[in-house]
Ligand code: GLU
Ligand code: MG
């Protein structure tokens, strides 16, 4: 009998869910009977080249590279195979041409390439992520429980059937979460995953969304990871933490720069901040992202960095217990409308560009970046989507990072979503995207 790498037995009558995340940030999937597991991993199953360019609203944003003609193969990465429910297993899939070559615009391949580039520069990256989400009724409407208490023990107690289901699903999957809490926003929760290599973390982000969505369904809820689930409430972030070592030496702790950041670590931060305006639509590019990315929302909407600063795009988390390897930087602007593979690739690649270019470390901003009277006030990243899309489209950095195919597809998807929702009232727009990123 087949087994997962973690040792769970797979029955021939079970089902395998293979997923790929498209440019809209939506997780798509195929179910394959478990007796075809080897074929799913080796030859793959067919998918149309339009798979990557569906929008969150089910339109297809075809480009010359992504059309209705042709066929690609979704190949399961069997070494990630994980039990996610009774008789149900999951694994991430990568996209290949029928002859076997990798489709260059496949987001998982893009991230694998950037991780290799880091390795060639002598760097090793680890990432970890935080998942913020809002519990809803199963149909996506508001729960309407009275008297939400952010971080409140009572709000946690009211969510206990969900929390128990979460623990069941995560332990069956062998995935650890570090902590779970009731967030500041009404009906909002957060769960964080422990660090791993960037591809594993992006895979686990998908896995965690699957497990959270199933736990919510078991407890009688729907779940929204959307950047803004309901108009006027708190937004949901998909913050990404990055720690980097070069030749084994940690870069964000134990150094001589501000707050213990090394010279190379400061250059990496500078690289991330420098590329941020042109990559903003990769990180936060949905028509509801700009409702979240505002000063005062703890979404990191100023283009600066600072020690534990939640209004800075890059928040330094200082080394714990004097161990420099635990220091990391968090990119707060990312939301769940971003493809998690492309967001990680963008963050890591811009950090590497800063590092290899030897950029000088920008000054840390440790108070409110929007406070009046700062000598060099950092730019506010809140940008209308048409403008951030135009910058992305013109960006040489993005063209090198993503390749022309993925860049064209991503911009086309975001423009199609923008056009489809431009005339909607704010409430209708948030409803349009509310359940798009749950699984
Ligand atoms: N909900 C905030 C966001 O949209 C983050 C709050 C926090 O710092 O955890 O990013
Ligand atoms: Mg949070």
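When 376, 47, 304, 439 are sorted by how many other C-beta atoms sit within 10 angstrom of their C-beta, beginning with the fewest, the order is 376, 47, 439, 304. In percent, rounded to a whole number, the relative contact order of the chain is 19, using alpha-carbon pairs under 8 Å and six or more apart. Modelled spin labels at residue 179 and residue 124, positioned 7 Å past Cα toward Cβ, are 2.7 nm from each other.
Residues of region 35-72 with amide nitrogen under 17 Å from the 7 Å Cα-to-Cβ point of residue 415? Flagged as within label range: 53-56, 59-67. Average 1/r across all pairs of distinct alpha carbons in region 114-191, invert it, and you get the Kirkwood radius: 14.9 Å.
Can you classify region 29-146 as rounded, prolate or oblate using the Cα gyration tensor, where a ≥ b ≥ c are the square roots of its eigenvalues, rounded means a/c under 1.5, and otherwise it's prolate if a/b beats b/c and oblate if not? Walk me through the intermediate numbers first.
Values: a/c = 1.41, a/b = 1.25, b/c = 1.12.
In terms of gyration-tensor shape, rounded.
Taking the average, over residues, of other Cβ atoms within 10 Å as the packing measure, peptides 360-368, 263-271 rank 263-271, 360-368 from highest down. Each of 427, 203, 139, 35 was scored by other Cβ atoms within 10 Å of its Cβ. Arranged with the fewest first, they read 139, 427, 35, 203.
Grab the beta carbon distance between residue 247 and residue 399, set R0 = 35 Å, and tell me the FRET efficiency rounded to 0.05. Could the numbers behind the result be given before it?
Values: r = 30 Å, r/R0 = 0.86.
That pair, residue 247 with residue 399, gives E of 0.70.
Look at where the Cα atoms of region 96-130 and of region 232-266 average out, and the two centres are 21 Å apart.
Give the dimensionless ratio obtained when the Cα radius of gyration of region 216-342 is divided by 2.2 N^0.38 Å. Could the numbers behind the result be given before it?
Working: Rg = 16.1 Å, N = 127, 2.2 N^0.38 = 13.9 Å.
That ratio works out to 1.16.
Between the beta carbons of residue 36 and residue 307, assuming R0 = 56 Å, the FRET efficiency works out to 0.60 to the nearest 0.05.
When each pair of different Cα atoms in region 155-223 is counted once in the 1/r mean, what is the Kirkwood radius in angstroms, to one decimal?
On the way: mean 1/r = 0.0804 Å⁻¹.
About 12.4 Å, per the Kirkwood formula over Cα pairs.
Equivalent ellipsoid of region 353-439: semi-axes from √(5λ) of the C-alpha gyration tensor, largest first, are 30, 23, 12 Å.
Of the listed peptides 232-243, 213-224, what is their order by residue-averaged count of other C-beta atoms within 10 Å, with the highest listed first? The partial results should precede the final answer.
Numbers: 232-243: 22.9, 213-224: 20.4.
The most tightly packed comes first, giving 232-243, 213-224.
Counting every other Cβ atom within 10 Å of each residue's Cβ, 60, 210 order from fewest to most as 60, 210. Based on DSSP H segments of at least four residues, each scored -39500 (n - 2.57), the chain has a per-residue ellipticity at 222 nm of -10500 deg cm²/dmol. Take the Cβ atoms of residue 326 and residue 363, set R0 to 25 Å, and the FRET efficiency comes out at 0.55.
Can you give the direction-averaged projected area of the convex hull of the alpha-carbon atoms in the chain, in nm²?
Working: hull surface 83.9 nm².
Mean projected area of the Cα convex hull: 21.0 nm².
Every number in this text was worked out from the coordinates using simple rules, so none of it is lab data. The structure displayed is predicted, hence computed values, not measured ones. Reconstructed Cβ throughout: ideal geometry from the backbone, glycine too, with neighbour counts over all protein chains shown.
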